[in-house]
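Engineer: Mind having a look at this structure? Questions to follow.
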Amino acid sequence: MSESETRPSYIPQDWRIQFGLILTLIWFIFLSIYIGRNVGWANFMDLPIDQMGTFLEGAFAFLAFLWLVIGLFIQQSVLAENNEELRRNNLHSEKQTQAIAATELNARQETFFKISEATRRQLGAIAGLLFISSQGPVGNQSYTSEDLSELWKQFASGDSEVFSRLFLTLAAQEGTELSDLFYGTVIRRSHTDNFLVGFDRLINLARGCDTDNIILDSMLYSAHGLLNTRMRELHPSIRFKTISGTNSAIYLREIIERETADDN
């Protein structure tokens, strides 16, 4: 058994209580001397009850006042300790709240990255279909079927932005009419609109788990993000050029309204 276990435990007394006990003891000694010298114990016991009551009232008034003051100081100390304990509890609760918020944010970010990977591959597939429609054998025939097959193999190996980068490369070439590549046919326009909708959903999801806009900026300046910007700049409808940041549900509704108007 250790020394700490065998040592008797005790609760330390408040120094004010000890001081009060010492003064009380001194006061009782003083009263005993006073009665013995001035009244006498025999005469004191024969005092009428009213005189004895008056004496005791005066004798114990000092002790009553003393312990009243000591009690007020002790109560003040207890209140100060309680306030300090409340302050520590509030700090602890605040830290717990921050920890819970951080955990929740991490959970949202993990969910986002899982969804983001699937969405980025979906956007890559849409960009691939758009690339085939504009650059493949059914388009301007800049790429053969073998070339496109190699690009799809690269896409399947995990490079989801290969087609977006190719579009950005075409944008840097002179004489390239990107508006025709994006909106030259009904199929191309459909692919482009689907790409814009998917990217908007990804951006809206990123905003919910990115307090410093780090994830959001990485999405906007990725190949998909830069391609999304060029698509918006060249969109036939002025509404879709300024719709960045709008809720994807509104975006979808506007696309449906536009397509309905075009059909009519």
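The values are calculated or read from the model by the stated rules, or taken from the named source; none is laboratory data. Everything quoted here is computed from the prediction, not taken from an experiment. Virtual Cβ from ideal backbone geometry, glycine too; neighbours counted across all protein chains shown.
Engineer: Do we have GLN173 as assigned to a loop (DSSP other than H, G, I, E, B) and of a type outside the set (Val, Ile, Thr) here?
Structural biologist: So GLN173 passes the test.
Engineer: Just to be sure before I move on: is SER77 within 30 Å of ALA206 (Cβ to Cβ) and more than 25 Å from the chain's Cα centre (by Cα) in the structure I sent?
Structural biologist: no
Engineer: Please tell me if ILE35 is β-branched (Val, Ile, Thr), part of a helix (DSSP H, G or I), over 54 Å from the mean Cα position of the chain (by Cα) and more than 30 Å from ALA206 (Cα to Cα).
Structural biologist: Judged against the criteria, ILE35 is a match.
Engineer: Could you list, in sequence order, all residues of region 1-32 that are within 48 Å of the chain's Cα centre (by Cα) and either at pLDDT 80 or above or surrounded by 12 or more Cβ atoms within 10 Å (Cβ to Cβ) (or both)?
Structural biologist: ASP14, TRP15, ARG16
Engineer: Any idea how many residues of region 46-63 are part of a helix (DSSP H, G or I) and surrounded by fewer than 10 Cβ atoms within 10 Å (Cβ to Cβ)?
Structural biologist: Number of matching residues: 3.
Engineer: What's the number of the condition HIS224 fails, among (1) free of Cβ contacts under 8 Å to residues at least 40 places away in the same chain; (2) surrounded by 18 or more Cβ atoms within 10 Å (Cβ to Cβ); (3) within 20 Å of THR111 (Cβ to Cβ); (4) not hydrophobic (A, V, I, L, M, F, W, C)?
Structural biologist: All conditions pass for HIS224, except number (1).
Engineer: Let me ask you something else. State yes or no: is THR211 within 18 Å of GLN135 (Cα to Cα), outside any helix (DSSP H, G or I), at pLDDT below 85 and polar (S, T, N, Q)?
Structural biologist: So THR211 fails the test.
Engineer: Restricting attention to region 118-149, and to residues there that are touching a residue at least 12 places away in the same chain (Cβ under 8 Å) and among the charged types (D, E, K, R), which single residue is surrounded by the fewest Cβ atoms within 10 Å (Cβ to Cβ)?
Structural biologist: If we take residues in region 118-149 being touching a residue at least 12 places away in the same chain (Cβ under 8 Å) and among the charged types (D, E, K, R), then ARG121 is surrounded by the fewest Cβ atoms within 10 Å (Cβ to Cβ).
Engineer: For region 188-208, check the following and say yes or no: at least one residue is without any contact (Cβ under 8 Å) to a residue 12 or more places away in the chain and closer than 30 Å to ASN106 by Cα.
Structural biologist: yes
Engineer: Ok, one more. Only one residue in LEU56, LEU72 is in the same structural domain as LEU23 (by TED's automatic domain parsing) and modelled with pLDDT of 85 or more. Which one?
Structural biologist: Criteria check complete, one pass: LEU72.
Engineer: To continue, here is another question. Which numbered condition trips up LYS153, out of (1) assigned to a helix (DSSP H, G or I); (2) touching a residue at least 12 places away in the same chain (Cβ under 8 Å); (3) loosely packed, with under 13 Cβ neighbours inside 10 Å?
Structural biologist: Failing condition for LYS153: (2).
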